[in-house]
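Here is the structure we will look at, set down as structure tokens.
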Amino acid sequence: MCVQLLKARELCEAAGGRWEDYIDRVLRIPRQAANLAVRMHQYNLNPQTGADNMRFLAGISNDEKRKAAESALLSGKSPDMVKTAVRQKPEEDPRTALEKEKTRLERTISSLIKRLDEVKKELQTV
């Protein structure tokens, strides 16, 4: 099915038609399902992971993370463990986090000072 969807997409693009219209009007399948099936095929996912896991893997755009998640699933890890590992953000250095917050606060203070000056000028003219 995926190969046919890819061919249909190419034909739509070549003919100047809209892929979404073809999916909606001719195939009558949800766009998300069609696009997900195409991504599953393009990413060459292993069907042994299962349909639900293939949907999850197709949602991972980073090649390295997707391949690591696929191999973890194939090695026997539970889908919940893999999902948690993929979604986990790397720990940030506390100093870096504080420096970012300091910069953000300085920008906020600067913009508030400018706005305060504008309000003071408006008060003088009223």
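Could we say that residue 53 is assigned by TED's automatic domain parsing to the domain that holds residue 7, surrounded by 11 or more Cβ atoms within 10 Å (Cβ to Cβ) and not basic (Lys, Arg) here? Here the answer is no, as residue 53 does not meet what is asked. Applying the criterion of being crowded, with 18+ Cβ neighbours inside 10 Å and β-branched (Val, Ile, Thr) to the residues of segment 25-50, the residue that is nearest to the chain's Cα centre (by Cα) is 38. Would you check if there is a residue in segment 1-19 being modelled with pLDDT under 85, in contact with a helix residue (DSSP H, G or I) (Cβ under 8 Å, 6 or more places away or on another chain) and not in a helix (DSSP H, G or I)? Checking segment 1-19: at least one residue is modelled with pLDDT under 85, in contact with a helix residue (DSSP H, G or I) (Cβ under 8 Å, 6 or more places away or on another chain) and not in a helix (DSSP H, G or I).
Restricting the search to segment 56-88, which residues are among the charged types (D, E, K, R) and surrounded by 13 or more Cβ atoms within 10 Å (Cβ to Cβ)? Those that are among the charged types (D, E, K, R) and surrounded by 13 or more Cβ atoms within 10 Å (Cβ to Cβ): 65, 66, 67, 70, 77, 83. Selection of first residues in segment 42-68 that are over 24 Å from residue 4 (Cβ atoms) and of second residues that are surrounded by fewer than 19 Cβ atoms within 10 Å (Cβ to Cβ), restricted to Cβ pairs under 7 Å at least 6 apart or on distinct chains, gives the following pairs, ordered by first then second residue: 60/66; 60/86; 65/86.
The values are calculated or read from the model by the stated rules, or taken from the named source; none is laboratory data. Just so it is clear, the structure is predicted and the values come from calculations on it, not from any experiment. Neighbour counts run over all protein chains shown; Cβ positions are idealised from the backbone, glycine included.
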